[in-house]
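Structure first, then comments.
Since every read-out is calculated from the coordinates, none of them should be taken as a lab result. It should be emphasised that the depicted structure is a prediction, and the values quoted were computed from it without experimental measurement. For neighbour counting, all protein chains shown are included, and Cβ atoms are generated from backbone atoms with ideal geometry for every residue, glycine included.
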Amino acid sequence: MTEIGVKTITVMGLGYVGLPTAALLARAGYQVRGVDVSDRVVDALSSGDCPLGEPEVAEIVKQALASGNLTASKAPMPADAFIICVPTPVRVDKTADLTMVRAAISAAAPAVNKGSLIILESTSPIGTTRDVIGAELGRNGLDPEQDVDVCYCPERVFPGETVREILRNDRVVGGLTKTAAERAKALYESFCEGTAVTTTAEAAEYSKLMENSFRDVNIALANIFARIAEDLSVDVQEVITLANRHPRVNVHKPGPGVGGHCIPVDPWFLIEGAPSASELLRISRSINEGQAERLLDRAEEAGLPPKSRVAVLGAAYRGDLDDARESPTEDLLNVLQERGYEWSVHDPFVRYMKTHNGVPSNLTDDLDAALEGVAAAIVMTDHSAYRAVSSETFERMAGRLIVDGRRMIHEQSLINAGFTVVPVGAPTAVPPATATMPPKSADAP
Ligand SMILES: NC(=O)c1ccc[n+]([C@@H]2O[C@H](COP(=O)([O-])OP(=O)(O)OC[C@H]3O[C@@H](n4cnc5c(N)ncnc54)[C@H](O)[C@@H]3O)[C@@H](O)[C@H]2O)c1
């Protein structure tokens, strides 16, 4: 068995990935020092609180703090191992922004000693572990292949299931050397149940980007099937169910776009690295980014008055989460702004939504207030609560138009109550009385 040689661990970046990882390491008996540049995060942890809302994460974090095995600060201290979990966003021009990875390793490097294990977990372009982490350690007088063990180990967690997934998912562990990979594998297998598979740092970096690009392309394909269905007046949901009865077919779910920290971002790292070979990835991005605009186009075709006020239901990128990062709702707000609409965004979980170019989010947790007097409601997030919204609640709207980007409202009861419904992947459905009205012009079908 490989000797891990690790008792103390510094985790750089205490967000959705770093904090539960730190807490689970602490629970396994390691002395973990969590480091974050945010006063809010460090202050909360120093008072025994968890800055994240996911209940299972909050529970293990509080236990780890109470045990004394997890502490938080803003400054890295020497440790046997360092794990870096800081954000890796794309810039407006879609190039990778590695500023935070550079800052984290440059803050940690003076505390790294010979024999330390350094693991980058942040999703990163191919070559980052060698060219950014290895190079910075080199500048601090450490040979990244001789003096220390440097690895890349991507995280695959599904928000909402973070603890279970950190513990149970298999991991890919890529080392700058085989010894480094074996040592990191032993560390992960000491506190996780999944298998850690070793490889090179570059293969591990690529595998993470491949996984999320695969998902983005498949969601884009589902969205294309939805657009075809809308144009040809077929219901894509039924057709997907039929097609998925084929033993080797698994068509994904269409929707209002793709959000979160990973899927809308990671394909750009491959596109930047190999632009001429990545045409499919670029097209898929553009399809998924265009879904919100297409929903608004269809709402306008269904009679949404220009520059009216609309209610956007959901800021989070996925149902029953409080995470609005890179959410399709932001794509929609950008188009609403461009076309001169007014809006409010309702979300039962999200309390803060970062938008760009000065576009206000107008966020509220009061659904009645959001719907009051609007011309249309546009469902963007599959929060369970939206399944239960009755037609009486929608009666507060001034208009009678509902766009369902998630196929989750009670479509038929709303149509029966006199609403026009625009569902993603199916033709616009109008109330029976309207449907039997004579065509508006001689040209109409
Ligand atoms: N959230 C997910 O579900 C998920 C899943 C897989 C992979 N990832 C990847 O993991 C990485 C981290 O993502 P996250 O969701 O945990 O991010 P996050 O924004 O939730 O947390 C990152 C934390 O790092 C801190 N930070 C920033 N710069 C720092 C620095 N120089 N030193 C110390 N701390 C610093 C921030 O203050 C923040 O608290 C990203 O590369 C992301 O793509 C995330």
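DSSP assigns beta bridges within the chain; of those with both partners inside it, close to 10 percent run antiparallel.
Could you size up the charge dipole of segment 39-182 around its Cα centre, putting +1 on the beta carbon of Lys and Arg and -1 on that of Asp and Glu, and report it in debye to the nearest 20?
For this selection, approximately 200 debye.
Using a ≥ b ≥ c from the Cα gyration tensor of segment 38-130 (square roots of the eigenvalues), is it rounded, prolate or oblate, where a/c under 1.5 gives rounded and otherwise the larger of a/b and b/c decides, a/b for prolate? Walk me through the intermediate numbers first.
Working: a/c = 2.17, a/b = 1.35, b/c = 1.61.
Since a/c reaches 1.5 but b/c is at least a/b, the shape of segment 38-130 is classed as oblate.
Among the trypsin sites (Lys or Arg not before Pro) found in segment 1-102, those both in a DSSP coil and sparsely packed, with 15 or fewer other Cβ atoms within 10 Å of their Cβ, are K7, K74, R91, K94. Build a GNM of the chain with springs between Cα atoms under 10 Å apart, and of P306, P328, P247 the one that fluctuates most is P247. Bridgeable lysines around K253 (alpha carbons under 22 Å apart, same-chain partners fewer than 8 residues away excluded): K208. When the chain is treated as a GNM with alpha-carbon contacts under 10 Å, the residue of A376, A243, A180 showing the greatest mean-square fluctuation is A243. Taking every full run of DSSP H in the chain, the ones that stretch at least 20 Å from end to end by Cα along their long axis and average 0.0 or higher on the Kyte-Doolittle scale are 201-232.
For the chain, adding -39500 (n - 2.57) for each run of n ≥ 4 DSSP H residues and dividing by the number of residues yields -11500 deg cm²/dmol at 222 nm.
As a proxy for reagent exposure, ranking D347, D131, D39 by other Cβ atoms within 10 Å from fewest up yields D39, D131, D347. Excluding the site residues themselves, the longest part of the chain lacking any GluC sites (Glu not before Pro) in a DSSP loop with at most 13 other Cβ atoms within 10 Å is 194-394. Taking the fewest neighbouring Cβ atoms within 10 Å as the starting point, the ordered list for H246, H261 is H246, H261.
If you take the Cα centroid of segment 246-284 and the Cα centroid of segment 318-340, the two points sit 18 Å apart. With a cut-off of 13 Å between beta carbons, the residues surrounding R215 carry a summed charge of +2, where Lys and Arg count +1 and Asp and Glu -1.
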